[in-house]
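Take a look at the structure below.
The values are calculated or read from the model by the stated rules, or taken from the named source; none is laboratory data. Worth saying up front: this structure is predicted, and the values here are computed from it rather than measured. All Cβ positions, even for glycine, are placed from backbone atoms using ideal geometry, and neighbour counts span all protein chains on display.
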Amino acid sequence: MNNDRDWFEYKLPEGSVFVQVRAALRTTESRLDGSNREVFKHCVTVGTTRSPFGEDKGFVSIRGRQYEIAPTAFRRMPAGTKDWRGEEYRWEMGSEPYGGTYRNSAGSELDYKAKTRDRLREIAKVALDMFEKDHPDWSKASELLYLEHQMESWTDKASKARKEMEAAEAEVAELLHRISIYSHVC
């Protein structure tokens with residue numbers, strides 16, 4: 001994994017699914033003893049296309065029909081997390097893209113109760129598990145992307161602050177010059 005532009009393709013019987021590492025989310029987790037600790041939630045994007053906003057449509061085939069998994073963020077859940085049925089809960093979907101994650105070939109979102117939607121969710125999770133098996137250290141790349149984005153943001157803020165300081169110093173110098181003119185008056 002070189003950077004946040006790498007897409008990894010997983011060919012499944014239904015079609016190709018792509019996975020891309022995203023910057024982790026940083027949160028603070030409270031402990032029972034009242035202390036807090038920094039926690040990274042590692043993220044990836046999964047979809048049937050490599051284009052970030054789904055401009056180029058990609059499809060998987062289920063029962064002879066074409067369906068799309070729109071590029072959607074997924075977070076890796078901590079080991080041992082269980083869902084409401086008591087089953088291990090490994091991947092949590094982030095916010096869904098406009099128009100939904102699971103769509104038919106016409107671009108319409110599938111009904112939440114549709115079995116095809118469940119199958120598409122399983123296809124995404126299979127691709128995620130394959131990706132995790134192929135790239136066991138992907139979480140470090142997710143953290144690195146977060147840190148690089150933070151560094152870029154703080155570098156930009158520091159640059160703006162320096163420019164503001166230079167402008168303020170120039171204003172102070174101008175005011176000192178103007179005040180010096182009045183020193184002859186008193």
(message) Which pairs turn up if I take residues in the range 109-135 that are more than 16 Å from Glu68 (Cβ to Cβ) and look for partners that are assigned to a helix (DSSP H, G or I) with beta carbon separation below 8 Å, at least 6 apart in sequence or on another chain?
(response) Phe131/Trp138; Glu132/Trp138; His135/Ala141
(request) Would you confirm whether any residue within the range 74-82 is crowded, with 18+ Cβ neighbours inside 10 Å and free of Cβ contacts under 8 Å to residues at least 40 places away in the same chain? (result) no
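From Glu143, Glu152, Glu132, which residue is in a helix (DSSP H, G or I), loosely packed, with under 11 Cβ neighbours inside 10 Å and of a type outside the set (A, V, I, L, M, F, W, C)?
It is Glu152.
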(request) Return the residue satisfying two criteria in turn: it lies in the range 17-52 and is hydrophobic (A, V, I, L, M, F, W, C) and without any contact (Cβ under 8 Å) to a residue 40 or more places away in the chain, and of such residues it is nearest to Leu145 (Cα to Cα). (result) Val39
(request) For the range 25-69, enumerate the residues that are more than 14 Å from Asn104 (Cα to Cα), charged (D, E, K, R), surrounded by 13 or more Cβ atoms within 10 Å (Cβ to Cβ) and modelled with pLDDT under 85. (result) Arg50
(request) Answer yes or no: is there a residue in the range 88-95 that is out of contact with any helix residue (DSSP H, G or I) (no Cβ under 8 Å at 6 or more places or on another chain), in contact (Cβ under 8 Å) with a residue 12 or more places away in the chain, surrounded by fewer than 11 Cβ atoms within 10 Å (Cβ to Cβ) and among the charged types (D, E, K, R). (result) no
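With Trp138, Trp154 as the choices, which residue is aromatic (Phe, Trp, Tyr) and touching a helix residue (DSSP H, G or I) at 6+ places or on another chain (Cβ under 8 Å)? Lay out the reasoning, then the answer.
Numbers: Trp154 fails: touching a helix residue (DSSP H, G or I) at 6+ places or on another chain (Cβ under 8 Å).
Answer to the check: Trp138.
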